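Trainee: Below are the structure tokens for one structure; questions will follow.
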Amino acid sequence: MIDINEIYFVTSNDHKIEEANRILSQFGIKLKKSNIKKIEIQSNSLEKIVKYSLLYAIKKLNNEIIVEDSGLFIEKLNGFPGPFSSYVYKKLGCNGILKLMKEISDRRALFKCVVGYCSPNIKPVIFHGICYGNISYEIRGSHGFGFDPIFIPDNSNGLTFSELSPEEKDKFSHRGIAFRKFGLWYINNIAKP
Ligand code: IMP
């Protein structure tokens, strides 16, 4: 029988838990939602945000924890919305981004994900994932969350994240890349035998 390693995930975003658990199931890891609030400092660096949140959360929860921060960075908008993606999504949504991009033909963008892990005995360890692509000209697809309907990852035959199946999104996505790196590291360094 395979032991399942359970780790707290400090997030209020159920989509992220679902995606992370889909990716981590192959490593025998299950994330469970922690009821601690994720504290986010204002910073341009996702890494700094994750490290601060980890150190705050570990004081409250004397256990293994994961924190994740992610964002959409649009080249011609100088990286906007970046670390403010969650706020901008709530205020402007996908339509707001499409409006901002109306006159812009260079649609290069990337999603970045930073995953942080720590435990009472282990100092924060950070894993990165980047997914390159383009912003679409219209909203397309029904899967996923956030900016998925307007992001076309490279090598997806022009389909947005929302038009891909969840498992296909995982293959390309920033979250898929970062959590697979974490999963590999965890089974090689931490997992119970
Ligand atoms: P935060 O990491 O909780 O600060 O939120 C990042 C925000 O970026 C989310 O609320 C989404 O709007 C957006 N985002 C991050 N990852 C994804 C993704 O995989 N698909 C679509 N939008 C995403």
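The values are calculated or read from the model by the stated rules, or taken from the named source; none is laboratory data. As the structure is a prediction and not an experimental result, all values here were calculated from the model. Quick reminder, even Gly has a Cβ in these numbers, built from the backbone with ideal geometry, and neighbours come from all protein chains shown. Areas reflect the complete protein model, heavy atoms only, side chains present, ligands, DNA and RNA absent. Shrake-Rupley method; radii C 1.70, N 1.55, O 1.52, S 1.80 Å.
Trainee: Condition first: away from the ligand (no atom under 11 Å from the Cβ), part of a helix (DSSP H, G or I) and touching a residue at least 40 places away in the same chain (Cβ under 8 Å). Now tell me which residues in region 135-176 satisfy that.
Mentor: Residue satisfying the conditions is 167 alone.
Trainee: With the structure loaded, tell me whether residue 66 is of a type in the set (A, V, I, L, M) and over 15 Å from the mean Cα position of the chain (by Cα) or whether it fails that test.
Mentor: For residue 66, the condition - of a type in the set (A, V, I, L, M) and over 15 Å from the mean Cα position of the chain (by Cα) - is not met.
Trainee: Can you find even one residue in region 17-27 that is open to solvent by less than 20 Å² (accessible area, probe 1.4 Å), modelled with pLDDT under 95 and within 18 Å of the chain's Cα centre (by Cα)?
Mentor: no
Trainee: Okay, next question. From (1) over 22 Å from residue 145 (Cβ atoms); (2) modelled with pLDDT under 95; (3) surrounded by 18 or more Cβ atoms within 10 Å (Cβ to Cβ), pick out the condition that doesn't hold for residue 38.
Mentor: (1)
Trainee: Does residue 88 fit the bill of being touching a His at 6+ places or on another chain (Cβ under 7 Å) and at negative phi?
Mentor: For residue 88, the condition - touching a His at 6+ places or on another chain (Cβ under 7 Å) and at negative phi - is not met.
Trainee: Would region 37-51 turn up any residue that is more than 22 Å from residue 169 (Cα to Cα), touching a residue at least 60 places away in the same chain (Cβ under 8 Å) and among the basic types (Lys, Arg)?
Mentor: Yes.
Trainee: Looking for whichever is small (Gly, Ala, Ser), over 22 Å from residue 126 (Cβ atoms) and buried (at least 21 other Cβ atoms within 10 Å of the Cβ) here; the options are 142, 162, 156. Which one fits?
Mentor: 162
Trainee: Can you report the number of residues in region 23-68 which are among the basic types (Lys, Arg) and farther than 23 Å from residue 112 by Cα?
Mentor: Of the residues in region 23-68, 2 are among the basic types (Lys, Arg) and farther than 23 Å from residue 112 by Cα.
Trainee: Then there's this: So, in region 85-134, of the ones that are assigned to a helix (DSSP H, G or I) and among the aromatic types (Phe, Trp, Tyr), which residue ends up least open to solvent (accessible area, probe 1.4 Å)?
Mentor: Per the criteria, the residue is 89.
Table: residues versus (1) away from the ligand (no atom under 14 Å from the Cβ); (2) among the acidic types (Asp, Glu); (3) open to solvent by 30 Å² or more (accessible area, probe 1.4 Å).
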site	(1), (2), (3)
32	yes, no, yes
50	no, no, no
56	yes, no, yes
64	yes, yes, yes
71	no, no, no
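Trainee: Looking at region 96-111, is at least one residue touching a helix residue (DSSP H, G or I) at 6+ places or on another chain (Cβ under 6 Å), more than 13 Å from the ligand (Cβ to nearest atom) and not aliphatic (A, V, I, L, M)?
Mentor: Yes, region 96-111 contains at least one residue that is touching a helix residue (DSSP H, G or I) at 6+ places or on another chain (Cβ under 6 Å), more than 13 Å from the ligand (Cβ to nearest atom) and not aliphatic (A, V, I, L, M).
Trainee: If you go through region 70-82 one residue at a time, do you hit one that is among the polar types (S, T, N, Q) and closer than 24 Å to residue 170 by Cβ?
Mentor: yes
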